[in-house]
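First up is the structure itself, then whatever we jot down about it.
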Amino acid sequence: MAIRIIEYQEQYTSQLIELILGIQVGEYGIATSLKAQPDLLKIPEFYQANHGNFWLALDDEKVVGTISLKIFSPTQGALRKMFVADGYRGKPYNIAQQLFERLHATAKEQQLTTIYLGTTDKYLAAHRFYEKNGFKLINKTQLPEEFPIVLVDNRFYCLDIA
């Protein structure tokens, strides 16, 4: 089974929403909803504008992972909506790493110097992944003013792009 990483296509919207909400609400019990995340219904306008992007990991035609790069200043971007379906995490698929490498390459192409991200303290495996990939834990007060904060986020990271 070959996993493909593609740029967002509208036909996958309902699947990606189901994946993200399934992990947030079903798996981790986070108090959120589609109404609280209107960006998921406006991916081209919210994520793909200003040279950002939103990628999907597909197993055949099934969405099994997502990640996005929201560019919010000429030199800074936010990693958002990184989710991988249970059963596809880790080896042998390495979907999270493939998604991150696509985001990182795009950030470099766009000459960004820093990527920030916000997450919840519940995503322990994600924390390890971010730290393994060079992200440093920072205080909320160290975020740029323009950073798009999500209400449920309480842990923040930054990555200086070499």
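Each residue in the range 110-125 was checked for being at pLDDT below 95 and either more than 18 Å from L151 (Cα to Cα) or aromatic (F, W, Y) (or both), and 3 pass.
Checking the stated criteria, G77 turns out not to satisfy the condition of being more than 11 Å from G52 (Cβ to Cβ) and small (G, A, S).
For the criterion of being in contact (Cβ under 8 Å) with a residue 40 or more places away in the chain and either within 17 Å of I5 (Cβ to Cβ) or touching a Cys at 6+ places or on another chain (Cβ under 7 Å) (or both), Y93 passes. Restricting A85, A125 to those that are of a type in the set (G, A, S) and touching a Gly at 6+ places or on another chain (Cβ under 7 Å) reduces the list to A85. Might you check whether a residue that is under 24 Å from R4 (Cα atoms), polar (S, T, N, Q) and in contact with a strand residue (DSSP E or B) (Cβ under 8 Å, 6 or more places away or on another chain) occurs anywhere in the range 111-128? The answer is no, given that none of the residues of the range 111-128 is under 24 Å from R4 (Cα atoms), polar (S, T, N, Q) and in contact with a strand residue (DSSP E or B) (Cβ under 8 Å, 6 or more places away or on another chain). Apart from one condition, Y28 fits all of (1) of a type outside the set (S, T, N, Q); (2) buried (at least 17 other Cβ atoms within 10 Å of the Cβ); (3) modelled with pLDDT under 95; the exception is (2).
For P44, the conditions (1) loosely packed, with under 14 Cβ neighbours inside 10 Å; (2) in a loop (DSSP other than H, G, I, E, B) all hold with the exception of (2).
The values are calculated or read from the model by the stated rules, or taken from the named source; none is laboratory data. Everything numeric here is computed off the predicted structure, so don't read it as measured data. Virtual Cβ from ideal backbone geometry, glycine too; neighbours counted across all protein chains shown.
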